[in-house]
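Here the structure is laid out as structure tokens; the discussion comes afterwards.
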Amino acid sequence: MPPEIKNGKICYLEIPAINIAHSAEFYETVFGWHIRQRGNGSTAFDDTTGQVSGSWVLNRQPAIDPGLLIYIMVDDAAAAIQAITAAGCQITQPIGGDHPEITARFRDPAGNILGIYQEPAN
């Protein structure tokens, strides 16, 4: 199904990278993002919903201090943390830092700080 086109929707992200292949592998392995090659040879991604796409960009400073903070939804925050650390990345804020929300923050392969978010059980 093609992405929904709707005014105001967040649709595209550019993520700073040092090594695009390494970053792509991290997001594919940890979050299940679909990685694809564009016709111009650049590496792009689609999230697991197919509603948000983007690419990694070189020569741009990583988002190392949380200002604008992007959260990735996960089914199980503890399992996501294990996958993040198994991939060699660092947790910068463990679960509980935004209590009662179930969140954590991590540093990706390029040093960007992003968050994970688990929807609470009903």
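Read-outs throughout are calculated quantities, based only on the coordinates presented, and are distinct from any laboratory measurement. In this text the structure is predicted, and so the values were computed from the model without any measurement. Because the Cβ atoms are built from the backbone with ideal geometry, glycine has one as well, and the counts that use them run over all protein chains shown.
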The stretch 12-118: relative contact order in percent, alpha carbon pairs under 8 Å with at least 6 residues between: 28
Of all chymotrypsin sites (Phe, Trp or Tyr not before Pro) in the stretch 40-105, which ones are in loop regions per DSSP and have a Cβ with at most 14 other Cβ atoms within 10 Å? none
Full-stretch length increase - THR85, CYS11 - with 0.36 nm per residue and alpha-carbon distance subtracted: 23.9 nm
From DSSP H assignment alone, runs of 4+ in the chain each adding -39500 (n - 2.57), the sum over residues rounded to the nearest 500 puts [θ] at 222 nm at -5500 deg cm²/dmol
Note down the nm distance, to one decimal, between modelled labels 7 Å out along Cα→Cβ at THR48 and at ILE64. 3.1
Rounded to 5, percent antiparallel among DSSP beta bridges of the chain: 65
In whole Hz, what ³J(HN,Hα) sequence does the stretch 25-33 give by Karplus (6.51, -1.76, 1.60; θ = phi - 60°), x for Gly and Pro? 4, 4, 5, 5, 5, 7, 10, x, 5
Quick check on the exposure proxy: order VAL74, VAL52 from fewest to most C-beta atoms within 10 angstrom. VAL52, VAL74
Karplus (6.51, -1.76, 1.60) ³J(HN,Hα), θ = phi - 60°, over the stretch 66-82, in Hz, Gly and Pro reported as x: x, x, 6, 10, 9, 10, 9, 6, 10, 6, 9, 4, 5, 5, 5, 4, 4
Efficiency of FRET from Cβ geometry, THR92 and ARG36, R₀ 35 Å, rounded to 0.05: 0.75
Scan the stretch 1-84 for GluC sites (Glu not before Pro) in coil per DSSP, keeping those whose Cβ has at most 14 other Cβ atoms within 10 Å, and list them by number. GLU4
